[in-house]
Amino acid sequence: QATISVLSKQVVGGEVSEDTLSTEELLYSATLTPDLAEKESIYQSATKRDGIWVAHNNLAAVYLEMARENPENRAQLVQDAITQLEIAANKSEAPEIQANMASAYLMQGDYDQAYEALGNAEGSATNELKGDIMAAKGSIEIRQANYEQAKATLASATDTETTFFNRGLVNILTKEYELANGALDKATESSLAADAFYLKAVAAARSNDA
């Protein structure tokens, strides 16, 4: 791992020949660093080498992560991600591309396009990815006031603090306060604790539980 990491930096920096590492090794090296700027450079190098869809998709994922960490540059970074994803989509129908496209649209506030992209990704997704897709779809369905569908979708979603929170929220919106409390209890020891306790208070108030 250390050797690949060092060589990838040299490849990106033009210090050694591009064929010192295979494309697969170059892509793997990007997973060895937490630095987003380094990841960006590695994936950019991979896209220029042979332009496989994975390189464009992963570069887009880096831009989306950068957008989350840099709100002041979010619009441009999200657009950069969409550009890379459009290139990837022309090369492959991989569900990961559509899932990332949905994330980009969500960051732009375009829920209809995000929902469509998630639908495109769902059919051929692995079980793990499908659980994440269901979580995102359920969140959008809540925004669309499609509460019964959201409950069914979230039942198949990956169990995360956000999923538990959204399950609690949709149960409050359908006046199923006991179910809401059960889901929200699982979100009270997470980064969403304050919001979860607030919703628990709402559920209690609507149940006349002082």
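Only the coordinates and a few stated rules stand behind these numbers; no lab work does. Since we're looking at a predicted model, the values are computed, not measured. Cβ placement follows ideal geometry from the backbone for every residue including glycine, while neighbour counts extend to all protein chains displayed.
Side notes on the structure shown:
- Cβ-defined net charge surrounding Tyr177, 11 Å radius [Lys, Arg +1; Asp, Glu -1]: 0
- Relative contact order of segment 118-210, taken over Cα pairs closer than 8 Å and 6 or more residues apart, is 20 percent.
- Each Cα pair under 8 Å and six or more residues apart adds its separation to the average, and for segment 1-126 the resulting relative contact order is 16 percent.
- Between the residues Ala37, Ala135, Leu21, the greatest Cα displacement towards the positive end of the dipole of the chain, with unit charges on the Cβ of Lys, Arg, Asp and Glu, is found for Ala135.
- Under a model in which nothing but the beta-carbon of Lys, Arg (+1) and Asp, Glu (-1) is charged, segment 33-188 shows a dipole of about 100 debye around its Cα centre.
- The GluC sites (Glu not before Pro) of segment 77-175 meeting both criteria, a DSSP state outside H, G, I, E and B (loop) and at most 14 other C-beta atoms within 10 angstrom of the site's C-beta, are Glu93.
- Crossing angle, helix 111-122 versus the chain [Cα axis fit, 0-90 degrees, rounded to tens]: 70
- The gain in end-to-end length when the Tyr111 to Lys48 segment is fully stretched comes to 19.5 nm, 0.36 nm per residue minus the alpha carbon separation.
- Between the entries (i) 19.8; (ii) 18.9; (iii) 18.3, the label attached to Kirkwood radius over Cα pairs in Å calculated for this structure is (ii).
- Cα-based helix-to-principal-axis angle, 95-107 vs the chain, degrees rounded to 10: 60
- Gyration tensor (alpha-carbon) shape descriptor, segment 126-184, a/c threshold 1.5: oblate
- Against the chain, whose longest principal axis comes from its Cα atoms, helix 53-69 is set at around 60 degrees.
- Estimated inter-spin distance, Ala205 and Glu24, nm [label 7 Å along Cα→Cβ]: 5.8
- Among Ala121, Ala205, Ala81 the positive-end extreme of the charge dipole of the chain (Cβ point charges): Ala205
- Straight-distance crosslink candidates among lysines, where the alpha carbon sits under 26 Å from Lys200 and sequence neighbours closer than 8 are dropped: Lys137, Lys151, Lys175, Lys186
- Gap separating the Cα centres of segment 139-159 and segment 34-98, nearest whole Å: 28
- Relative contact order of the chain, taken over Cα pairs closer than 8 Å and 6 or more residues apart, is 9 percent.
- Using just its DSSP H runs of length 4 or more, each adding -39500 (n - 2.57), the chain gives a mean residue ellipticity at 222 nm of -23500 deg cm²/dmol after division by all residues.
- Extension gain for Tyr147-Thr160 works out to 2.8 nm (0.36 nm per residue, less the C-alpha to C-alpha distance).
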